[in-house]
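The values are calculated or read from the model by the stated rules, or taken from the named source; none is laboratory data. Just so you know, these numbers come straight off a predicted model, no measurement behind them. Cβ: placed from backbone, ideal geometry, glycine included. Neighbour counts: every protein chain shown. With ligands, DNA and RNA removed, areas are computed over all heavy atoms of the protein, side chains included. Shrake-Rupley method; radii C 1.70, N 1.55, O 1.52, S 1.80 Å.
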Amino acid sequence: MSIHSIYIVSKSGGMIFNYDHNYPKVETERTFNFPLELKLEVRNKKLIVVFGGQKDAVCAGQTLLSINGKPICEGPILEDGTNVVEFLTNEANFPTSLKFGKSRMSTNEKMFLGSMFYPLYAIASQISPEPHSSGIQIIEAENFKLHCLQTLTGVKFILITDPKFVGVDIVLRRVYEIYSDYVLKNPFYALEMPIRCDLFLENLKLLLEEVEKFGISYK
């Protein structure tokens, strides 16, 4: 029950800041025999499970992270240059230990997803049956909640939290206050540009650690 990530989206819709605070780490490792019971496919230079699984928590959408304890690099290849796809199609390499899990999104992937929130927010405002709708404030899924605070200047602060986390309004207001104090008052910061302010990040981390340590009430 915690805060997972924070995103800040500019008035024009570009993601200008993101921070993963307590990103859940779910990984599964077990030994497989040949032929592999999973169907894997290369997507964005990663090997993704597209079919099969469910056994021992390996499921579609997860990424192959390592083989016999050796991490997989983009390509996908092992650190010694071995092609992972070729390795897995060679019966002589089995049995072998494979680790699957949810890989961290790259900066480019986060920027793409962050910018996609802008049109969704605008659509929600336009289809509202009531005038002057505030747009999306909460999106609730089975394993997380997305909370959004839009300021008067159009900047959006987005928190990804555990579904049982409450008191998010207080946290969002505090994040906005820290943003105002350490970003907007920074003479070297230009609006709409990515936020690279050490004091802002340090105080944001302190706030989140304080919330985790002392707690804002949970359901």
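Points to keep in mind about this one:
- Computed lengthening from Ser128 to Asn44, 0.36 nm per intervening residue step minus Cα-Cα distance: 26.6 nm
- When exposed loop sites are taken as GluC sites (Glu not before Pro) in a DSSP loop with at most 12 other Cβ atoms within 10 Å, the longest stretch of the chain clear of them is 80-141.
- The fraction of accessible area contributed by carbon and sulfur in the chain is 54 percent, rounded to a whole number (1.4 Å probe; ligands and nucleic acids excluded).
- Entry for segment 115-172 at q = 0.14, 0.30 Å⁻¹: log10 I(q)/I(0) = -0.41, -1.27, Debye formula applied to identical alpha-carbon scatterers, no solvent contribution.
- Once the gyration tensor of the Cα atoms in segment 69-146 is diagonalised, the equivalent ellipsoid follows with semi-axes of 45, 14, 10 Å, ordered largest first.
- Inter-label distance for Leu152 and Ala190, nm, one decimal - labels placed 7 Å from Cα along Cα-to-Cβ: 2.6
- Cross-link reach list, aspartates and glutamates versus Lys46, counting only Cα pairs under 20 Å and skipping chain neighbours closer than eight places: Glu27, Glu29, Glu37, Glu74, Glu79, Asp80, Glu86, Glu109
- Taken over the alpha carbons of the chain as equal point scatterers, the Debye sum produces base-10 log I(q)/I(0) values at 0.11, 0.12, 0.14 Å⁻¹ of -0.69, -0.79, -0.96.
- The distance between label points at Asp169 and Glu210 comes to 2.0 nm (points 7 Å beyond Cα on the Cα→Cβ vector).
- Folded to 0 to 90 degrees: helix 168-179 orientation relative to the chain principal axis, Cα: 80
- With the convex hull of its Cα atoms as the shape, segment 137-208 has an orientation-averaged projected area of 5.2 nm².
- Extension reserve of the Thr28-Leu201 stretch, reckoned as 0.36 nm per residue once the Cα distance is removed: 59.1 nm
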